[in-house]
Amino acid sequence: MASVACRCGEVEIRFLRPEARLCLDCCCRDCFDALEWCAERGGPSDHRRPGYPMKLTYLENDVQVARGEDRLRLFHLRKGGASVRCVAMCCRTCMAVDHPAYFRNVVMVLPGGGKLTYANMPFPSMLRINTRWWDATARGSLPDVSYPSYAYGPVFSIVKQFWASVEKSPRKGETIQDLFQRLGKPVNMGVEKPV
């Protein structure tokens with residue numbers, strides 16, 4: 001079994017398939033801005049390490065809340081935002097993210113100060129994406145990597161094909177969408193769109 005727990009330990013979401021399906025290094029502003037929004041409200045600030053993009057981990061969409069469901073709230077980064085972020089309000093840890101492009105097959109977990117564990121750790125990143133958004137002045141230079149790195153281009157289409165083709169095991173728990181439906185409508189974080 002894989003799991004993500006919030007920083008203070010009050011909330012834990014289990015992923016009933018123990019292995020990560022994909023890991024990516026993401027340089028986009030949205031990932032950083034969401035974690036920064038949490039940090040400004042007392043949440044973890046681990047994402048501020050200079051020179052490191054976000055390592056996004058994708059796990060199969062078969063979840064179970066082990067504890068703390070009453071502490072979870074949903075957020076959109078801005079009006080019209082497609083991603084729904086699930087935040088543990090006890091310590092402002094971003095726990096999980098859903099997006100329509102995941103085709104209900106995977107759930108994304110950001111490195112945001114919570115404790116993420118899965119069977120095939122450490123799972124190496126396979127791609128670096130959205131490097132056009134990387135601000136080297138504010139965040140330091142990106143380290144060299146041996147895997148493909150994309151500023152723009154077809155990478156989203158490639159990754160989207162992967163998400164659509166994830167072979168699902170028979171579900172033991174529920175989908176993240178089932179959980180999110182119980183949690184109610186996402187609140188707008190009010191983060192401005194990057195230029």
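Kindly establish whether residue 54 is hydrophobic (A, V, I, L, M, F, W, C) and modelled with pLDDT of 95 or more. Even if it seems obvious, please write down each step before you answer.
Numbers: hydrophobic (A, V, I, L, M, F, W, C): yes; modelled with pLDDT of 95 or more: no.
No, not satisfied.
List pairs: first in segment 133-153 and surrounded by fewer than 11 Cβ atoms within 10 Å (Cβ to Cβ), second of a type in the set (Val, Ile, Thr) and modelled with pLDDT of 90 or more, Cβ under 9 Å, 6+ apart or cross-chain? From segment 133-153, the pairs are 152/131. Of the candidates 78, 29, 85, the single residue that is surrounded by fewer than 21 Cβ atoms within 10 Å (Cβ to Cβ), touching a strand residue (DSSP E or B) at 6+ places or on another chain (Cβ under 7 Å) and in contact (Cβ under 8 Å) with a residue 12 or more places away in the chain is 78.
Each row is one residue, and each column tells you yes or no for (1) in contact with a Lys or Arg (Cβ under 8 Å, 6 or more places away or on another chain); (2) within 24 Å of residue 1 (Cβ to Cβ); (3) among the acidic types (Asp, Glu).
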position	(1), (2), (3)
60	yes, yes, yes
68	no, yes, no
73	no, no, no
87	yes, yes, no
105	yes, yes, no
116	no, yes, no
126	no, yes, no
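Scanning segment 33-72 for residues that are in a strand (DSSP E or B), of a type in the set (Lys, Arg) and surrounded by 15 or more Cβ atoms within 10 Å (Cβ to Cβ) returns a single hit, 55. In this entry, residue 151 is excluded by the filter for residues that are part of a helix (DSSP H, G or I) and either among the aliphatic types (A, V, I, L, M) or within 29 Å of residue 79 (Cα to Cα) (or both).
The values are calculated or read from the model by the stated rules, or taken from the named source; none is laboratory data. Just so it is clear, the model here is predicted, and its values are computed rather than measured. Ideal geometry is used to build each Cβ from the backbone, glycine not excepted, and the neighbour counts take in all protein chains shown.
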